[in-house]
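Q: Can you read through this structure? Questions will come right after.
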Amino acid sequence: MKKKKTVAFLLAILIASVGGFIGVAMATPMSSGLFTLSGPSVFAVDIVEQAAFESGMFFYSASNEADRLGVFSPADEPGAWAVFTADPWEPFSEGFGVGFSVVNTGETYLSSGSGSEHITWSQPAPGVVLFGLEDLPNLGDRDFDDMVVGIAGCGLQPLPTPAPVPEPATMLLFGTGLAGLAGWRRRKKTA
């Protein structure tokens, strides 16, 4: 009976340890929400606005969120477009994000960090990225079509998210589980 309890305990520890690793992997986004541009220019177009509130869009520097380059004002309508050359604004080559400012609520959402849950993005083709904004507080209806913007540029690509480092307690738990299994197996062989 004591052996069954020990085996069950060690098995529970092992399962919890593996579950912790799986949880870390599943919670990790594919990208940081930041991008780089290696080409000479970037093209932006306001595709759709189904907004409850007026919104504007801007690029911001990955190293300094206050360093911003305005793209669309709240007065711009779908179909508006803009072209920026990469030379005058260094964050295009070093790392930049996309932000939205919602006029009526005073909120600002960034593709990386503050308010990133209000922005979704996809890369349908190399060098093309589409961004969707949910402008309602508490994510409202989660349709992400309140402002849809496309940006394109030669060499436009997402910056990868650094791999997560498991916390020490998870590693200790996993190691303890493995040591327990090894000891149990060794004890079973001698018996």
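The values are calculated or read from the model by the stated rules, or taken from the named source; none is laboratory data. What you see is a predicted model, and the numbers here were worked out from it, not measured in a lab. Cβ: placed from backbone, ideal geometry, glycine included. Neighbour counts: every protein chain shown.
Q: Looking only at strands (runs of 3 or more DSSP E) that fall completely inside the stretch 53-169, which ones have 1 or more residues that are under 20 Å from the mean Cα position of the chain (by Cα) and in contact (Cβ under 8 Å) with a residue 60 or more places away in the chain?
A: Correct list: 55-61, 96-102, 108-110, 119-125, 128-133, 147-152, 157-160.
Q: Residues in the stretch 184-191: is at least one hydroxyl-bearing (S, T, Y) and more than 26 Å from D67 (Cα to Cα)?
A: yes
Q: Does the stretch 79-87 contain at least one residue that is surrounded by 16 or more Cβ atoms within 10 Å (Cβ to Cβ), of a type in the set (V, I, T), modelled with pLDDT of 85 or more and under 25 Å from S61 (Cα atoms)?
A: There is no residue in the stretch 79-87 that is surrounded by 16 or more Cβ atoms within 10 Å (Cβ to Cβ), of a type in the set (V, I, T), modelled with pLDDT of 85 or more and under 25 Å from S61 (Cα atoms).
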